[in-house]
Every structure is written in structure tokens, then in C-alpha cells.
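First the structure, in the form of C-alpha cells, and then the observations on it.
Just so you know, all these numbers are worked out from the coordinates, no wet-lab data involved. None of the values given here were measured: they were computed from a predicted structure. Because the Cβ atoms are built from the backbone with ideal geometry, glycine has one as well, and the counts that use them run over all protein chains shown.
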């Protein structure tokens, strides 16, 4: 396996303070397709619909420092496509931890997607993490 850390690292991991890997790219695709997030090379924006959606599923975007970037794309090194960084990306990771959707893998940035996560990612974002096969499908 040429991926350092293997498929677990490629599936889901932390990238600084936010979620990365296949799952994060799939969430980003979902939010862009639903017009919740607008991304370009320079940055990102959460739309009015995006704020409503994220707040509706319990993702808290409040309490953000005004000095911190709110939403921006971050190139995912394993997928070569963007995932979300900034306040939005950090809030997604915190939400996944708080709901028990992901757990840290010891001595690694890799995250394990739990059975609760499998259900939560599918119900919230229409993403079906096929954990057994080590693949995250973008559509449920």
C-alpha cells in the first residue's frame, strides 16, 4: 500500500483542525451540489441555504473568531480535490466527534468511521461510507 497509514488515513483523517480524506471530499461535494457552499480558488462562502442546512443538522458555526477564515477549500492530498477548512471545516470535524461518528486511531491522524457515523453521514449528507471495503461512496 503506497499510502502512508493505509486506507484508514485515506478514508478519514484530521488535517490541522478539520476533517479530511474521502469522507471530507464527499461532504464538500454534497454541500456544493446543494448550493450550501460556494468555492473557488481564493476562498469559500456558506450561502444562506447553507447556514440554514448546517444549523438544521446541528452544526454550530457560531462563536467563530472574526480573525479566522470562515470557509475555504483545502486541497486533499490523497484525493487531489478540495475539502473544507476554516471555521466550517473545524465545525464539521467537531460535529462528527460530538456525535460519535468518528474516533481517533491511536498514534495517527487517521479516523475510524463508526457505525453511528455510517448512519449519520448517510442521513445528513447522503454519503454512504462503505467502511468494509475501505471506500467512501459519494452517493447513498
With 0.36 nm assigned to each residue of separation and the Cα-Cα distance removed, residue 97 to residue 39 gains 18.4 nm
Any idea what % of Cα-Cα pairs in the stretch 4-74 are farther than 15 Å?
61 percent
Overall Cα dimensions of the stretch 6-137, principal axis frame, Å, largest first
37, 27, 25
Show me 30-39, 13-22 ranked by packing, highest mean number of other Cβ atoms within 10 Å first.
13-22, 30-39
Over the stretch 5-48, what is the relative contact order in percent, taking alpha-carbon pairs closer than 8 angstrom and at least six residues apart?
20 percent
